[in-house]
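Engineer: I'd like to ask you about the structure that follows.
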Amino acid sequence: MDIETIKKELRNHTTIPYFGLGVFEGIMTKEGENVPHDSDSLILAMNGGRAMAPRLMFEYSRAAMHLEQRRGVEYMTQLLNHIYTKPYEPTPLHKAIIAMSPRYLIDTNRDTKFQELLAFTPHCLIIGKSRIMGDLNRYEVYEYDVENQKYFLVEEEVLDTAAKILFKPMGSPLPNPTFVISDADYVDWLTEAMAGFAVPKVLKTYRKAKKYLFLGTSFGHDTDRMVANELTLDLEGGYVITDQPLGKKEQKFVDKHHLEVIPMSLVAFINAFI
């Protein structure tokens, strides 16, 4: 598959961009710190630059659960908000994807870069939630008011006619800091996702027979595979950008979902894409 074809599919909305942590590899904050780009670097960011015990370093959700048990949920929310509100420029890949003007994109990261790039564009935002009482849905829907530069909580029916939809299933600092990060968060989110309560109804219809372009996404951990599976039900295949050999579980996921692996580093892909 050539990159020009992928660009065409993004423009005609048959392929949906899907962003993961790896898009931030090599990206620095304006203070000279690394933006977390994988599980290990996110754990280091959460723990003041210090490594944790090997059993906690296995996956960031496990490390986050340990910190939550020691310090509490509110501490984790403040910590993630601090990490993801440090100033840094949107990456060339973020800018290039926005230039393709996709109607719908999925960003499993917890930053605000796409929201910043859409600051002068009417759009709807879906924020993933976990462990909330009184509602089975694990998301909230917002409409963006360009004139006032604010998000307003709305009913999900507005998605029916929305020209642009940004879905951040794992949370964001904006409009209110909320994050899916710990094991307990993921267990709750995935449990309700499997019951059909993590994706708005209109998107369940819209996503049928769509392809996905997985950017900076690793399928090495069970959590990442399960999240991707729930968000892309009824897919028609898609593309994975990686120059790394796939493990057995990763290959099984790729095969099951009829994904085409494009053997390029993300840097090489970005250079060719832009």
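Values in this text are rule-based calculations from the coordinates and carry no lab data. These numbers were taken from a predicted model, which means no experiment stands behind them. Positions of Cβ are backbone-derived with ideal geometry, glycine not excepted, and every protein chain shown enters the neighbour counts.
Engineer: Out of the range 74-91, which residues are assigned to a helix (DSSP H, G or I), surrounded by fewer than 15 Cβ atoms within 10 Å (Cβ to Cβ) and not aromatic (Phe, Trp, Tyr)?
Structural biologist: Passing the criteria: Glu74, Gln78, His82.
Engineer: While we're on this one: Filter the range 194-243 down to the residues that are among the aromatic types (Phe, Trp, Tyr) and farther than 24 Å from Asn137 by Cβ, then identify the one that is surrounded by the fewest Cβ atoms within 10 Å (Cβ to Cβ).
Structural biologist: Tyr239
Engineer: Could you grab me the full set of residues in the range 147-191 that are without any contact (Cβ under 8 Å) to a residue 60 or more places away in the chain, part of a strand (DSSP E or B) and out of contact with any Phe, Trp or Tyr (no Cβ under 7 Å at 6 or more places or on another chain)?
Structural biologist: Answer for the range 147-191, where residues must be without any contact (Cβ under 8 Å) to a residue 60 or more places away in the chain, part of a strand (DSSP E or B) and out of contact with any Phe, Trp or Tyr (no Cβ under 7 Å at 6 or more places or on another chain): just Lys150.
Engineer: Still on this structure: Within the bounds of the range 132-145, is there any residue that is closer than 16 Å to Leu174 by Cβ, in contact with a Leu (Cβ under 8 Å, 6 or more places away or on another chain), in a strand (DSSP E or B) and among the hydrophobic types (A, V, I, L, M, F, W, C)?
Structural biologist: Checked the range 132-145: at least one residue is closer than 16 Å to Leu174 by Cβ, in contact with a Leu (Cβ under 8 Å, 6 or more places away or on another chain), in a strand (DSSP E or B) and among the hydrophobic types (A, V, I, L, M, F, W, C).
Engineer: Here is a further query. Can you tell me which residues in the range 155-190 are among the acidic types (Asp, Glu) and within 16 Å of Met65 (Cα to Cα)?
Structural biologist: Asp183, Asp185, Asp188
Engineer: Any chance you could count how many residues in the range 1-55 are over 19 Å from Thr242 (Cα atoms), touching a residue at least 24 places away in the same chain (Cβ under 8 Å) and of a type in the set (S, T, N, Q)?
Structural biologist: The qualifying residues number 2.
Engineer: To continue, here is another question. For the range 242-260, which residues satisfy the criterion of being more than 30 Å from Thr191 (Cβ to Cβ) and either hydroxyl-bearing (Ser, Thr, Tyr) or assigned to a strand (DSSP E or B) (or both)?
Structural biologist: Glu260
Engineer: Tell me, please, whether a residue that is within 17 Å of His123 (Cα to Cα) and in contact (Cβ under 8 Å) with a residue 12 or more places away in the chain can be found in the range 207-230.
Structural biologist: For the range 207-230, residues within 17 Å of His123 (Cα to Cα) and in contact (Cβ under 8 Å) with a residue 12 or more places away in the chain: absent.
Engineer: Identify, please: which residue in the range 90-101 is touching a Lys or Arg at 6+ places or on another chain (Cβ under 8 Å) and not small (Gly, Ala, Ser) and is, among those, nearest to Lys168 (Cα to Cα)?
Structural biologist: Per the stated criteria, the residue is His94.
Engineer: In addition: For the range 118-134, state whether one or more residues are crowded, with 19+ Cβ neighbours inside 10 Å, within 19 Å of Thr108 (Cα to Cα) and among the hydroxyl-bearing types (Ser, Thr, Tyr).
Structural biologist: For the range 118-134, residues crowded, with 19+ Cβ neighbours inside 10 Å, within 19 Å of Thr108 (Cα to Cα) and among the hydroxyl-bearing types (Ser, Thr, Tyr): present.
Engineer: Is there any pair linking a residue in the range 245-272 that is surrounded by 13 or more Cβ atoms within 10 Å (Cβ to Cβ) to one that is aromatic (Phe, Trp, Tyr) and in a loop (DSSP other than H, G, I, E, B), with Cβ under 8 Å and at least six apart or on different chains, and which?
Structural biologist: Cβ pairs passing all conditions: Leu246/Phe219; Lys249/Phe219; Glu250/Phe219; Phe253/Phe219; Val254/Phe219.
Engineer: Follow-up question, since we're still on this one. Residue check: is Arg110 part of a helix (DSSP H, G or I), touching a residue at least 60 places away in the same chain (Cβ under 8 Å) and basic (Lys, Arg)?
Structural biologist: Considered against the rule, which asks whether it is part of a helix (DSSP H, G or I), touching a residue at least 60 places away in the same chain (Cβ under 8 Å) and basic (Lys, Arg), Arg110 comes out as no.
Engineer: What are the residues in the range 117-146 that are without any contact (Cβ under 8 Å) to a residue 40 or more places away in the chain and either under 28 Å from Asp183 (Cβ atoms) or among the hydrophobic types (A, V, I, L, M, F, W, C) (or both), if any?
Structural biologist: Answer for the range 117-146, where residues must be without any contact (Cβ under 8 Å) to a residue 40 or more places away in the chain and either under 28 Å from Asp183 (Cβ atoms) or among the hydrophobic types (A, V, I, L, M, F, W, C) (or both): Leu117, Ala119, Phe120, Ile132, Met133, Gly134, Asp135, Glu140, Tyr142, Val146.
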